[in-house]
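The values are calculated or read from the model by the stated rules, or taken from the named source; none is laboratory data. Just so you know, these numbers come straight off a predicted model, no measurement behind them. No Cβ is skipped: glycine too gets one built from the backbone with ideal geometry, and neighbour counts run over all protein chains shown.
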Amino acid sequence: MSMTLFTEAYKKARKIFENQKFAGGDPDWEKFLKNDVASLSILANGGPNPAHADGCDKLRKKLSDSLPTGMFGRLFTHEGDIIWQAAGSDNGGKQIERAAAIKFLRHLYRAHKRGGQDVWVFNPPKAHKKFVFDEVKGFAILNKHKLGQADEIYSDDEMRHMCSALALALASSQKAQMKVNSPDDTVRACVKDWFCDDHSSDTQLNTAMSKLKAGLPKIVNACNSNSLVFSDDPTSRKSRAKTYGLAMPGGEGGGFPVIYLEGLFTRMTGNSGKLWLCAETIIHELTHTELSTKDVFYDCEGLKPSGNRFSSADALSNADSWGYFVMDIDGKLSAADKKRILVTP
């Protein structure tokens with residue numbers, strides 16, 4: 001069965017680095033991957049370890065430095081050949097797995113931006129339509145070609161933009177948590193806007209306040225997690241141009257949050273006026289992983305609770321309602337956008 005989740009590929013790569021031997025000799029890839037890259041320390045149980053993030057950079061540099069220096073040599077040797085050599089001689093078909101594990105780690109980044117929030121980014125080649133362990137199969141010549149494909153789905157600017165958006169998502173979630181914990185009339189009115197209908201009772205409002213008080217700390221913790229991963233989903237390339245993000249309700253079982261950022265998110269790279277929408281997307285997706293919310297309605301359909309069609313309980317389980325509430329209570333949502341979105345679906 002084909003892999004559909006980043007966490008599946010992550011666990012597979014960790015198992016391979018833990019149990020298989022890579023090429024020795026000169027260069028000694030087994031020693032380099034174990035000691036210099038610290039592959040098992042990076043791919044820790046419970047999520048990638050930022051203390052060893054430079055290992056991914058060392059791997060990319062080693063692969064680049066191992067290529068021939070002359071133009072003629074590079075016509076016949078590319079990165080895929082180096083990865084194939086590093087995987088070592090075949091051992092019951094395991095060479096393919098080892099090569100795929102190196103390729104997986106080669107496309108894992110710890111993204112940084114001054115004033116932003118550091119985050120892990122899995123940035124696979126644009127040409128790959130599956131996770132690497134399903135992509136790399138068959139004949140060696142085809143494997144080497146796929147292992148050598150290096151034109152990645154996210155640009156450097158897009159990865160830096162993710163850091164800025166995550167920083168805003170964290171700051172806004174923290175402010176929302178603080179305000180909900182010490183609510184005044186303005187805060188209560190905002191909660192009513194997004195989670196109560198026009199005929200709401202005090203009981204309905206109190207229920208909403210309790211849910212928000214319980215849920216917002218989980219969103220803050222996820223935004224602040226050292227193991228949070230932003231990933232591309234190679235299996236959804238056909239639909240990525242129409243989507244902001246994806247996440248598994250309740251998480252993927254790896255002990256760390258994973259969000260798949262799609263085409264509509266990356267299209268806003270560099271548009272500072274839309275940074276709030278990127279932050280809203282991150283919060284939306286994290287409510288899926290941390291609170292098991294659903295997509296009852298989206299902003300384009302309207303998010304104002306109204307009777308049985310979209311009850312207060314529905315709104316409290318709706319990811320976009322949480323995301324827009326956080327942006328609104330932090331003052332990041334314009335009056336025009338709020339008026340447009342806060343209508344009956």
*Name every residue in the range 240-281 that is free of Cβ contacts under 8 Å to residues at least 40 places away in the same chain, touching a helix residue (DSSP H, G or I) at 6+ places or on another chain (Cβ under 6 Å), of a type in the set (A, V, I, L, M, F, W, C) and closer than 16 Å to Ser292 by Cβ, in order of residue number.*
Ile259
*Ala189: at pLDDT 95 or above and in contact with a helix residue (DSSP H, G or I) (Cβ under 9 Å, 6 or more places away or on another chain), yes or no?*
no
_Of the criteria (1) under 30 Å from Gln95 (Cβ atoms); (2) exposed (fewer than 15 other Cβ atoms within 10 Å of the Cβ), which one Asn181 fails_ = (1)
*Looking at (1) part of a helix (DSSP H, G or I); (2) under 15 Å from Val220 (Cα atoms); (3) aromatic (Phe, Trp, Tyr), which is the only condition Phe256 fails?*
(1)
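Test Lys238 against the stated conditions and say whether it is modelled with pLDDT of 95 or more, part of a helix (DSSP H, G or I) and at negative phi.
On the way: modelled with pLDDT of 95 or more: no; part of a helix (DSSP H, G or I): yes; at negative phi: yes.
No, not satisfied.
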*Would you say Lys11 is surrounded by 15 or more Cβ atoms within 10 Å (Cβ to Cβ), touching a residue at least 24 places away in the same chain (Cβ under 8 Å) and part of a helix (DSSP H, G or I)?*
yes
*asked:* Kindly evaluate Leu216 against the criterion of being surrounded by 15 or more Cβ atoms within 10 Å (Cβ to Cβ), aliphatic (A, V, I, L, M) and modelled with pLDDT of 90 or more.
replied: yes
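So if I check each of Ala208, Ala167, Ala189, Ala176, which one is within 22 Å of the chain's Cα centre (by Cα) and in a helix (DSSP H, G or I)? Lay out the reasoning, then the answer.
Details: Ala208 fails: within 22 Å of the chain's Cα centre (by Cα); Ala189 fails: within 22 Å of the chain's Cα centre (by Cα); Ala176 fails: within 22 Å of the chain's Cα centre (by Cα).
Answer to the selection: Ala167.
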*Lys21 passes all but one of (1) charged (D, E, K, R); (2) in a helix (DSSP H, G or I); (3) in contact with a helix residue (DSSP H, G or I) (Cβ under 7 Å, 6 or more places away or on another chain); which number fails?*
(2)
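Table: residues versus (1) hydrophobic (A, V, I, L, M, F, W, C); (2) at pLDDT 95 or above; (3) surrounded by 17 or more Cβ atoms within 10 Å (Cβ to Cβ).
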{"position": "Ser155", "(1), (2), (3)": "no, no, no"}
{"position": "Leu168", "(1), (2), (3)": "yes, yes, yes"}
{"position": "Gln177", "(1), (2), (3)": "no, yes, yes"}
{"position": "Asp185", "(1), (2), (3)": "no, yes, no"}
{"position": "Asp202", "(1), (2), (3)": "no, no, no"}
{"position": "Ala208", "(1), (2), (3)": "yes, yes, yes"}
*Return only the number of the condition from (1) within 30 Å of Met248 (Cα to Cα); (2) buried (at least 20 other Cβ atoms within 10 Å of the Cβ) that Ala87 does not satisfy.*
(1)
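Any idea which of Asp36, Asp54, Asp28 is on the phi < 0 side of the Ramachandran plot, at pLDDT below 95, among the acidic types (Asp, Glu) and out of contact with any Pro (no Cβ under 7 Å at 6 or more places or on another chain)? Break it down into steps so the answer makes sense when it comes.
Numbers: Asp36 fails: at pLDDT below 95; Asp54 fails: at pLDDT below 95.
Criteria check complete, one pass: Asp28.
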